[in-house]
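Novice: Got a structure for you, written out below as structure tokens; questions coming shortly.
The values are calculated or read from the model by the stated rules, or taken from the named source; none is laboratory data. Predicted, not measured: the structure shown is a model, and the values here were computed from it. Heads up, the Cβs are rebuilt from the backbone with ideal geometry, glycines too, and the neighbour counts pull from every protein chain shown. Quick note on the areas: whole protein, heavy atoms, side chains included, nothing else; ligands and nucleic acids left out. Shrake-Rupley method; radii C 1.70, N 1.55, O 1.52, S 1.80 Å.
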Amino acid sequence: MSEKILMKGAEAIGEAAIKAGCRLFFGYPITPQNEAPAYMSKRMPEVNGTFLQAESEVSAINMLYGAAGAGHRVMTSSSSPGISLMMEGLSYIAGAQLPVVVVNVMRGGPGLGGIGPAQADYFQSTKGGGHGDFRIITLAPADLQEQVDIMYDAFDLADKYRNPVMVLTDGLLGQIMEAVEFKTELDPSSFKPPAWAVTGRKNRPKNLINSFDLDLDGLERHNHEIQAKYKTIQEKEVKFESFHAEDSEIVVVAYGTMGRICKTAIRKMREKENASVGLLRPITLWPFPEKKMLELAQKPSVKAFCTFELSAGQMVEDVRLYSKELKPVHFHGRTGGNVPSPEEVIEKIKSVQKEAR
Amino acid sequence: MTEGMKQIFKNTTYLTDMQRSYCPGCTHGVIHRVLCEVLEEMNLMEKSVIVIPVGCSTLAVDYFEFDTVQAPHGRAPAVATGVKRAAPENFVMTYQGDGDLASIGTAEIVHAANRGENITTIFVNNGIYGMTGGQMAPTTLMGWKTETSPYGREASRDGNPIRVSEMLSQLNGPAYIARTSTDSPKNIIGTKKAIRKAFQAQLKGLGFSMVEILSNCPTNWGMSAVDSIKRIQDETMKYYPLGEYKVVEGI
Amino acid sequence: MEIELLAAGFGGQGVMVIGQFMAAASVKENKYALFYPSYGPAMRGGTANCTVVSSDEPIGSPIFTAHQNVMALNLPSFDKFESTVQPNGKLFINSSLIDKKSDRKDIECIYVPSNEMAIEAGSNLAANIVMLGVFLKLTQFAKKETMEQVIQEKFGRKGEKIVSINLKALDAGYNFV
Ligand SMILES: Cc1ncc(C[n+]2csc(CCOP(=O)(O)OP(=O)(O)O)c2C)c(N)n1
Ligand code: SF4
């Protein structure tokens, strides 16, 4: 095992899911993630799994609803416009408390937009997205190895909390090739269907997969139960990378591809001019690293935050919220599928440095 | 023009002179031209609104000189319904691929047809998803290998190819439904005739009209333009017979 | 050490192959590699380019404002990317299709009649591998034997003849400089 294989991002997502024991993939074509379903259409039959091209994303997410209800690991992959169509289904899935994994290879919007990389679905993914009070656990990788590792985590978290998990990646991470290693391979025949799944009532009372309750108090109790679960997730599952965030004056906050580019920029600035700049890179976008944000904001040595996104400014709202704006929060964003270079990042950080002095 | 010569071919003025970015040999271009020729002959520039959803022909948002609406994937018949109901004097068309119309947009096309919505649908059936790089469509023929049917389309997993014209002609709403092809000059002329009839149906307020046009995708079929035309004749036209499937009285 | 290349040409010239082979050879030698393709409307006959990085260390940003190396396989690519070569960087020019010369004095320009050389090796289609050979020699991002292995593995399916043409093309490029 443990051999490094050069793979395309979208294909590595597929292989990681198979290695994590997923044998059901339902999806619908959309650029820039078409390599994922194409890969699954070849691989699933080889491992006795199921690949099905749904007639739409609306159907695909409801196929996930059914398969998860039957107690199986299941996933889909899509890109921004397709994810929008899945939001109704995701609300049902969250309401019925089912484990599913959804990969969003984000592209530029709004509307049909374009096919270049973007991070403009942060709100949609971290704030619920569909109707009702619900949350999607949102994981954001910055390189292909992390993307592979996160796929295993995604299935584990979904199962552990019976909640949808979104792997929020972008067109760049979908299209690049890097060498990846698959750490383990799980055998799905070793999984037992969970007690709540609709497997046919044999020696047990009826099971019901449901998000419906006309009794006001009953529905409120259900909401309390879900919210209590979310609280546990917020306490236990936060993940981030800190690169000199604790010992720097300027703290850059960025995730995914943008986080990777910022890290290069920061490394250059530290090497060349010994600049006091660090990076906080949230890996879980929901739950957001709230405590870490506040801790940094309260440090006297921290002078300012600067958030970089491939959007017009979405995560920056959480940076403001959780830093309680104890320190100034700056923002630099690109849209349309454009991706800033490390030099562009450095230029912005320098202007923030100037202002902080 | 030199004196004494008769002009037999004239480029339609309904198309912009923007460079078309379809693949060499793709019949989307021919269909655009035929469509525009009929509109021009019927002098519909000032009334026309075309609704273009998502597919290779999304690029056509820049190709038509008349008013255009870009719609979400599959939803053109619903958007066109809105345009038409708001302003019935508009001459309203949709231009949809087979992935768009027969997969994600099945509900919209069935119900627009069933309501007898007074619009015209140009349905380009090339048996594959072109724009996204060659995935299986609901219209892909049995056994065809595509990006998402790498072992060939199989009925037990993927169902059988949908014959949309036959299906919609069972409804009461449609006034005119025909299937034509782009494989030969003769059939292109047939396509033009069918489009004219469909347009007449709309102008007379007779209800929903659709022309399904068999077309190609040399790029994603993985063959030369010439071979792709032969494939339409040898395979596509056998499964999807040409002809008029519904013609109400008065057209 | 980090070696970075932007390769550009029209769809069908095999620029993606150059990038993927460079990445594959690097990974074979246990290095880090990153390949980032960028298609114009490539499917419809436009231009395509890719960025490739080979490094002993984990790779950071896949986005570069200025490139260590640029390879231009056709004229539009030359016009578009000549100015993006870093000072002291290298510009590899397919002189079979580009009859312009670069005016830049701060970079090294390598003119390679790769189509003629590829025809000599057995097929016009191997021009990209000729360019790859030149690039390999001048940057030494991997050993020549490693690249030969990659060619054998990737072209093996297409038969012995294709493999041997491409090995010859690699040789021709490698020995060109
Ligand atoms: C909601 C949504 N899902 C998926 C897509 C991606 N998509 C773009 S075009 C297309 C299908 C194109 O195929 P077809 O309708 O057959 O037209 P063609 O390109 O072959 O002309 C798809 C799936 C999208 N734009 N929106
Ligand atoms: S991909 Fe196919 S349908 Fe699209 S322009 Fe090219 S040949 Fe035509």
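Novice: As a test of the definition: with a 1.4 Å probe, what buried accessible area, both sides summed, do you compute for A against C, in Å² to the nearest 100?
Specialist: What A and C bury together is about 1400 Å².
Novice: Order the following by accessible area, largest value first: A:ASP149, B:ASP227, B:ASP100, A:ASP133. Probe radius 1.4 Å; ligands, DNA and RNA are ignored.
Specialist: Heavy-atom accessible area, descending, gives A:ASP133, B:ASP227, A:ASP149, B:ASP100.
Novice: By DSSP, what percent of the beta bridges with both residues in chain C are antiparallel, rounded to the nearest 5?
Specialist: 55
Novice: Let a ≥ b ≥ c be the square roots of the eigenvalues of the Cα gyration tensor of the range B:122-232; is it rounded (a/c under 1.5), or, if not, prolate (a/b larger than b/c) or oblate?
Specialist: oblate
Novice: Accessible area drop of at least 20 Å² (1.4 Å probe, protein heavy atoms): which residues of the range A:339-357 qualify, relative to the chain alone?
Specialist: Output list: A:VAL339, A:SER341, A:PRO342, A:GLU343.
Novice: Apply the Karplus parameterisation 6.51 cos²θ - 1.76 cosθ + 1.60, with θ equal to phi minus 60°, to every residue of the range C:86-97 and state each ³J(HN,Hα) to the nearest whole Hz, in sequence, with x for glycine and proline.
Specialist: 5, x, 6, x, 10, 10, 9, 10, 7, 6, 5, 10
Novice: Quick one: of A:LYS4/C:LYS137; A:LYS272/C:LYS105; A:LYS303/A:LYS348; C:LYS144/C:LYS168, which pairs are farther than 22 Å apart, Cα to Cα?
Specialist: A:LYS4/C:LYS137; A:LYS272/C:LYS105
Novice: Using the Cα gyration tensor of the protein assembly as shown, with a ≥ b ≥ c the square roots of its eigenvalues, what is the shape: rounded (a/c below 1.5), prolate (a/b larger than b/c) or oblate (neither)?
Specialist: Oblate is the answer for the protein assembly as shown, as a/c is 1.5 or above yet b/c matches or exceeds a/b.
Novice: Using amide H atoms built in the peptide plane, which far-off residues or other-chain residues are under 5 Å from A:PHE134 H to H?
Specialist: When sequence neighbours closer than 5 places are left aside, there are no close amide H contacts.
Novice: How many lysine pairs does the range B:28-247 hold where the Cα atoms are under 20 Å apart and the two sit 8 or more places apart or on different chains?
Specialist: Qualifying lysine pairs in the range B:28-247: 19.
Novice: Another question about this same structure. Using amide H atoms built 1.01 Å from N in the peptide plane, name the residues 5+ places from B:SER181, or on other chains, whose amide H lies under 5 Å from its own.
Specialist: Result for B:SER181 returns B:THR191, B:LEU214.
Novice: Going Cα to Cα from C:LYS158, which aspartates and glutamates come in below 18 Å? Please leave out same-chain ones fewer than 8 positions away.
Specialist: Within the straight-line limit of under 18 Å, C:LYS158 reaches these aspartates and glutamates: C:GLU148.
Novice: Skip the ligands, DNA and RNA, and give the accessible area per residue of the range B:28-247 with a 1.4 Å probe, whole Å².
Specialist: Details: 7870 Å² over 220 residues.
Each residue of the range B:28-247 exposes 36 Å² on average to a 1.4 Å probe.
Novice: Output ³J(HN,Hα) for the range B:37-51: one whole-Hz value per residue in order, computed from phi by the Karplus curve 6.51 cos²θ - 1.76 cosθ + 1.60 with θ = phi - 60°, and x for Gly and Pro.
Specialist: Karplus values, whole Hz, x for Gly and Pro: 4, 5, 4, 5, 4, 9, 6, 9, 3, 7, 9, 6, 9, 10, 10.
Novice: Helix-only estimate, please: 222 nm mean residue ellipticity of the protein assembly as shown, summing -39500 (n - 2.57) across DSSP H runs of length 4 or more and dividing by its residues, to the nearest 500.
Specialist: -11500 deg cm²/dmol
Novice: Nearest 20 debye, what's the magnitude of the dipole of the range C:104-177 about its Cα centre given +1 on Lys and Arg Cβ and -1 on Asp and Glu Cβ?
Specialist: Rounded to the nearest 20 debye, it is 140 debye.
Novice: OK, next. Take every residue in peptide A:177-184, count the Cβ atoms of other chains within 10 Å of its Cβ, and give the average of those counts. Don't skip to the end; give the middle numbers.
Specialist: Working: counts 12, 11, 10, 1, 0, 0, 0, 0.
The per-residue average across the peptide is 4.
Novice: Are there any residues in the range B:135-175 with a reduction of at least 10 Å² in accessible surface when going from the isolated chain to the assembly of protein chains? Probe 1.4 Å, please list them by number.
Specialist: Going by heavy-atom accessible area, the residues of the range B:135-175 that drop by at least 10 Å² are B:GLN135, B:MET136, B:GLU147, B:THR148, B:PRO150, B:TYR151, B:ARG157.
Novice: Still on this structure, please answer the following. Under 22 Å Cα to Cα from C:LYS100, which lysines show up? Leave out anything in the same chain fewer than 8 places away.
Specialist: The reachable lysines, counting only those whose Cα sits under 22 Å from C:LYS100, are C:LYS80, C:LYS90.
Novice: Moving on. Be a star and scan the range A:149-184 for residues whose amide nitrogen sits under 12 Å from the point 7 Å along the Cα-to-Cβ vector of A:LYS239.
Specialist: A:149-158, A:166-168
Novice: Shifting gears a bit: Assuming a ≥ b ≥ c are the square roots of the Cα gyration tensor eigenvalues, decide whether the range B:28-247 counts as rounded (a/c under 1.5), prolate (otherwise, with a/b larger than b/c) or oblate.
Specialist: It comes out prolate by the Cα gyration axes.
Novice: Got a number for carbon plus sulfur as a percent of the range C:1-105's accessible area, 1.4 Å probe? Let's see the in-between values first.
Specialist: On the way: 2140 of 4180 Å².
Carbon plus sulfur share of accessible area: 51 percent.
Novice: Return the long-range amide H neighbours of B:GLY97 (sequence gap of 5 or more, or a different chain), with a cut-off of under 5 Å between placed amide H atoms.
Specialist: B:VAL124
Novice: Of all accessible surface on the range B:1-149 at a 1.4 Å probe, what whole percent is carbon and sulfur?
Specialist: Roughly 53 percent, rounded to a whole number.
Novice: Right, something else. Can you give the accessible area per residue of chain C, in Å², using a 1.4 Å probe?
Specialist: Heavy-atom accessible area per residue stands at 43 Å².
Novice: What is the average number of partner chain Cβ atoms found within 10 Å of a Cβ in A:25-38?
Specialist: Mean partner-chain Cβ count within 10 Å for A:25-38: 4.
Novice: If you don't mind, there's one more thing I want to ask. Ignoring ligands, DNA and RNA, what accessible area per residue does the range A:247-352 give at 1.4 Å, in Å²?
Specialist: Here the residues of the range A:247-352 average 37 Å² of exposed surface.
Novice: Just the number, please: buried accessible area between A and B, total of both chains, 1.4 angstrom probe, nearest 100 square angstrom.
Specialist: 1400
Novice: Once neighbouring chains are kept in place and the probe is 1.4 Å, which whole percent of the accessible area of the range B:163-211 is contributed by carbon and sulfur? Mind dumping the intermediate values first?
Specialist: Details: 1010 of 1830 Å².
Within the range B:163-211, the accessible surface is 55 percent carbon and sulfur.
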